[in-house]
Amino acid sequence: MTENYDVIIIGTGAGGGTLAHALADSGKNILLLERGDFLPRELDNWDPKPVFVTGKYISKDTWFDRDGKPFQPQVHYVVGGATKMYGAALYRLRPGDFGEIKHVDGISPAWPLTYDDFEPWYSAAERLYQVHGNGGEDPTEGPRSEPYPWPAVSHEPRLQQISDKLAKGRYHPFHAPCGILLNEADRPRSTCIRCATCDGYPCMVHAKADAEVIAVRPLLGRSNVTLLTRAEVTRLQTDDSGRTVTGVVVSRDGNREVYRGDIVVVSAGAANSAKLLLNSATDRHPNGLANGSDQVGRNYMFHNSRAISALSKEPNDTVYQKTLGVNDFYFATKDYEYPMGNVQMVGKSNAEAMRGEKPDLTWFAPEWSLTDVAKHSVDWWLTTEDLPVPENRVTLDKDGNIHLTYSPTNLEEHDRLYEELKKILNHTGMAAHHVFRKNFYADMDIPLAGCAHQAGTCRFGTDPATSVLDTNCMAHELDNLYVVDTSFFPSIGAVNPALTAMANALRVGDHIRQRIT
Ligand SMILES: Cc1cc2nc3c(=O)[nH]c(=O)nc-3n(C[C@H](O)[C@H](O)[C@H](O)COP(=O)(O)OP(=O)(O)OC[C@H]3O[C@@H](n4cnc5c(N)ncnc54)[C@H](O)[C@@H]3O)c2cc1C
Ligand code: SF4
């Protein structure tokens, strides 16, 4: 079977789903190919055991690390992609992130575009994804052309207390930008019920601003948009010149299908997009499609992340905890010449998930049960930028399996950030020795498995010798191939990546729309 579309988009996550939304009212025929299915709405959505302990919603894929050791990556093949599980912390990169930054282990390179280039698209993405926030609180934030579309999600009393204590000290706490459909002014009619099972869980009531709910579902009745689920793209075919993608090969329910699109957009997530291009080698593209520069698959990044639970005698009754951020260490400080990163909250600990994590608690609180620990813990998430290193890369073995070679960078900065968090804890009345590392959704014992923030395998740039994509995210070496997931990031900054992928998809969508209409 061969069908022809104006645009084919592969993947329905932050990049692909948002792009489809941007193009839908062009009237052009759009085909969305998604490897997964719709994530079922069921009680398990909000049950920590299936979500964190048995990994019900994680793909069954096996990937391999640099030593050939197999692991199960924490990737999610569903309509909406990783955004179905995400914490919906929708941050803009800081203006400085678009320039060159000196880190302890090297240089984070400049982007070919500036914050000002992205700003209108960030505003548009915040509007689309209904981001709640309060501009101007965080000194590292860039200028905004419009305020957040929704007021910041309020702190619950324990978090307000912590925020007040931080503000009284030398810190600049801010309300974290959240993509949840919460209307605090009208709670009876609010779609979001402000629950404790948000960060890392799918939203059972479809109140999370994820790519399925916000971008894909609203398109389903349209005659010009077709969504095929359980449709895994295995290969892209090109014409004899090698300049045009002519066929998108799909494996669907055991059948091989081929679709044609005037424009083909890959948005399968950083590792899988690289896999697809590498798997599509031809005589014209012997190292993989669009890979004359040998950059496809390289520069894989996914952040240095650490989840920390801190205990105090005071109980923490917070339900929705992800409301606070601190960026005082985001860039170099007077005490340390390198950036350390972002401090934010993570979803509230609960005993059931901790049972899966098996933290070693007995040494500091032998008399406390896991339920006590969960009740008293305040849970933090630390993120430090990792560098785009060419040797950190996705490659394929002869059977097409992903091998991920990764060595961390900037660990000194990350350790420094942890030391700063300990000071924060002391300052806010949580003794720094009452902390423990949580595995939560990024399993720290198998760092590669926690590839939630994967990025960078097809970076964009102006030089075809050192980048895969041009500044419109079109492959330098092809005339109708684009990539719009987090693959395009030349560096990752230290804030969560999804809003940048969404904003970029809107930006690229505008370019594609001009091209096809
Ligand atoms: C638990 C968790 C929490 C997170 N929290 C946050 C957060 O709070 N804030 C934030 O900014 N980011 C967060 N992230 C990261 C964020 O979700 C990702 O950065 C973002 O979704 C990446 O978008 P993408 O388009 O690159 O990939 P994805 O959103 O993963 O989309 C890729 C899509 O492609 C599909 N696909 C893959 N291969 C194929 C193929 N061969 N054929 C067809 N389809 C294919 C996948 O099924 C998927 O739907 C979190 C991620 C996780 C997992
Ligand atoms: S907090 Fe709101 S968006 Fe998040 S899971 Fe609960 S209801 Fe859904």
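Placing a pseudo-label 7 Å from each Cα along the Cα-to-Cβ vector at D510 and R222 gives an inter-label distance of 1.8 nm.
Where both bridge residues fall in the chain, DSSP classifies roughly 65% of the beta bridges as antiparallel.
Quick one: pull the percent of accessible area on segment 215-289 belonging to carbon and sulfur, 1.4 Å probe, ligands and nucleic acids left out. Within segment 215-289, the accessible surface is 39 percent carbon and sulfur.
For the chain, rounded, prolate or oblate, judged on the Cα gyration tensor with a ≥ b ≥ c (square roots of eigenvalues), a/c < 1.5 rounded, else prolate if a/b > b/c? Judged from the Cα gyration tensor, the chain comes out prolate (a/c at least 1.5, a/b above b/c).
Here r is the Cβ-Cβ distance between Q160 and T371 and R0 is 22 Å; the resulting FRET efficiency, rounded to 0.05, is 0.35. Please report how far the C-alpha centroid of segment 144-221 lies from that of segment 59-92, rounded to the nearest whole angstrom. Value for the Cα centre distance between the two parts: 23 Å. If R0 is taken as 25 Å, the Cβ-Cβ distance between R230 and D262 corresponds to a FRET efficiency of 0.55.
Using the 2.2 N^0.38 Å rule of thumb for compact globular proteins, work out how segment 110-242 stacks up: its C-alpha Rg over that value, please.
The reported ratio for this selection is 1.40.
Once the 1.4 Å probe is applied to the protein heavy atoms, the chain comes out at 37 Å² accessible per residue.
Along Cα→Cβ, 7 Å out, is where each label goes; now give me the distance between the ones at D239 and H427 in nm to one decimal. Modelled inter-label distance: 6.1 nm. State the volume of the convex hull built on the alpha-carbon positions of segment 203-321, expressed per residue in Å³ and rounded to an integer. It comes to 171 Å³ per residue, whole-number rounded.
For I101, the residues whose amide H sits under 5 Å from its own are S108, ignoring neighbours fewer than 5 places away on the same chain, with H placed 1.01 Å from N.
May I ask you to derive the relative contact order of the chain, considering only C-alpha pairs under 8 Å and at least 6 residues apart, and to give it as an integer percent? Please report the intermediate quantities before stating the final value.
On the way: 1273 pairs, mean separation 122.8, N = 517.
In percent, rounded to a whole number, it is 24.
Taking 18 Å as the cut-off, the amide N atoms of segment 275-310 that come nearer than this to a point 7 Å along the Cα-to-beta-carbon line of D399 belong to 275-276, 279. Based on the Cβ-Cβ distance of A167 and T282, what FRET efficiency does E = 1/(1 + (r/R0)^6) give at R0 = 60 Å, to the nearest 0.05? Calculated value: 0.55. Just round it to a whole percent: the fraction of Cα-Cα distances in segment 277-337 exceeding 16 Å. For segment 277-337, the share of Cα pairs beyond 16 Å comes to 73 percent. Among 327-335, 455-463, the peptide with the highest mean count of other Cβ atoms within 10 Å heads the list, and the full ranking is 455-463, 327-335. Within the accessible area of segment 45-116, the carbon and sulfur atoms contribute 52%, probe 1.4 Å, all protein chains present. Using a simple spin-label model with pseudo-atoms 7 Å out from Cα toward Cβ, D37 and S190 lie 3.3 nm apart.
The values are calculated or read from the model by the stated rules, or taken from the named source; none is laboratory data. Just so it is clear, the structure is predicted and the values come from calculations on it, not from any experiment. As a convention, Cβ positions derive from the backbone with ideal geometry for all residues, glycine included, and neighbour counts pool all protein chains shown. For the accessible areas, the whole protein counts, side chains as well, though only heavy atoms, and no ligand, DNA or RNA atoms are used. Shrake-Rupley method; radii C 1.70, N 1.55, O 1.52, S 1.80 Å.
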